[in-house]
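Asks: Take a look at the following structure, please.
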Amino acid sequence: MGKKVAVLAVNPVNGAGLFQYLEAFYENGIQYKTYAVSETSEIKTNSGISIKLDDVITNLKGHEDEYDALVFGCGDAIPKYNENAEKQFNQDMLAVIKAFADKDKIMIGHCAAAMFFDNLGIVDGRKVALHPYAKTAVKGCIGTDEKTVVDGNFYTAQTENTIPELIPEILKALK
């Protein structure tokens with residue numbers, strides 16, 4: 001039986017990135033549940049399309065053992081986080097990401113995901129792919145110019161445009 005994945009989606013989320021993960025999981029029979037990093041399960045894509053996810057991040061906190069992997073579906077994560085850093089849903093997001101990493105779960109993300117991983121200190125010394133504009137912002141990890149990087153249990157893609165190159169590696173790990 002395949003592994004089960006928790007998928008985090010910030011508000012607004014990059015729909016192109018999020019849907020690539022979800023489609024790959026669906027087409028390959030990998031169980032997943034989506035969690036909005038928001039007060040409600042209804043969020044928008046950064047192109048303005050409303051979507052309803054399965055649940056909210058607060059309800060994932062403390063249930064990390066039910067999953068084998070975590071996907072960080074990026075979007076306008078950094079500016080929205082900065083605007084709402086004190087909100088409980090953002091604090092829960094950080095706690096959940098840290099808890100998954102502390103349990104050596106498979107960690108997947110693109111764009112600014114590596115920045116969050118770096119700020120939490122969970123990728124220190126590891127190579128990551130991240131948005132080119134974010135490369136100078138990371139301190140503990142090794143930001144690369146590679147389109148995708150797999151370093152241990154961390155699977156990162158530079159942008160939503162490079163996720164297709166990472167999907168085969170993710171699927172191998174999740175089957």
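The values are calculated or read from the model by the stated rules, or taken from the named source; none is laboratory data. All of these numbers come straight from a predicted model, not from anything done at the bench. Positions of Cβ are backbone-derived with ideal geometry, glycine not excepted, and every protein chain shown enters the neighbour counts.
Asks: When residues of the range 99-125 are filtered for being surrounded by 19 or more Cβ atoms within 10 Å (Cβ to Cβ) and not aliphatic (A, V, I, L, M), how many remain?
Replies: Of the residues in the range 99-125, 8 are surrounded by 19 or more Cβ atoms within 10 Å (Cβ to Cβ) and not aliphatic (A, V, I, L, M).
Asks: Within the bounds of the range 132-144, is there any residue that is over 15 Å from the mean Cα position of the chain (by Cα), within 24 Å of ALA24 (Cβ to Cβ) and aliphatic (A, V, I, L, M)?
Replies: Yes; the residues of the range 132-144 include at least one that is over 15 Å from the mean Cα position of the chain (by Cα), within 24 Å of ALA24 (Cβ to Cβ) and aliphatic (A, V, I, L, M).
Asks: Same structure, new question: Restricted to the range 73-91, and to residues that are touching a helix residue (DSSP H, G or I) at 6+ places or on another chain (Cβ under 9 Å) and part of a helix (DSSP H, G or I), which residue is modelled with the lowest pLDDT?
Replies: Filtering first and then ranking leaves ALA77.
Asks: Would you mind finding the one in ALA157, ALA101, ALA69 that is touching a strand residue (DSSP E or B) at 6+ places or on another chain (Cβ under 8 Å) and under 18 Å from ASN14 (Cα atoms)?
Replies: Selected residue: ALA157, the only one of ALA157, ALA101, ALA69 that is touching a strand residue (DSSP E or B) at 6+ places or on another chain (Cβ under 8 Å) and under 18 Å from ASN14 (Cα atoms).
Asks: Also, quick follow-up: Return the residues of the range 98-124 that are in contact (Cβ under 8 Å) with a residue 40 or more places away in the chain, touching a Cys at 6+ places or on another chain (Cβ under 9 Å) and part of a loop (DSSP other than H, G, I, E, B); say none if nothing qualifies.
Replies: Of everything in the range 98-124, just one residue is in contact (Cβ under 8 Å) with a residue 40 or more places away in the chain, touching a Cys at 6+ places or on another chain (Cβ under 9 Å) and part of a loop (DSSP other than H, G, I, E, B), namely CYS111.
Asks: Quick check: anything in the range 101-123 out of contact with any Leu (no Cβ under 9 Å at 6 or more places or on another chain) and at positive phi?
Replies: yes
Asks: Scan the range 49-60 residue by residue and report those that are touching a residue at least 12 places away in the same chain (Cβ under 8 Å) and not aliphatic (A, V, I, L, M).
Replies: Of everything in the range 49-60, those that are touching a residue at least 12 places away in the same chain (Cβ under 8 Å) and not aliphatic (A, V, I, L, M) turn out to be ASP54, ASP55, THR58, ASN59.
Asks: Using beta carbons and a limit of 8 Å, which pairs, at least six apart or on different chains, have the first residue in the range 64-87 and over 25 Å from ASP104 (Cα atoms) and the second one assigned to a helix (DSSP H, G or I)?
Replies: So the pair list comes out as ASN84/ASN90.
Asks: Let me ask something else. Have a look at GLU83, GLU160, GLU146, GLU165 and point out the one that is surrounded by fewer than 21 Cβ atoms within 10 Å (Cβ to Cβ) and closer than 19 Å to PHE19 by Cβ.
Replies: GLU165
Asks: Can you name every one of the strands (runs of 3 or more DSSP E) wholly within the range 1-55 that holds 1 or more residues which are crowded, with 22+ Cβ neighbours inside 10 Å?
Replies: Those strands (runs of 3 or more DSSP E) span 4-10, 31-37, 42-44.
Condition check ((1) closer than 21 Å to LYS4 by Cα; (2) assigned to a helix (DSSP H, G or I)) across all residues:
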site	(1), (2)
VAL71	yes, no
MET93	yes, yes
THR136	no, yes
THR156	yes, no
LEU171	yes, yes
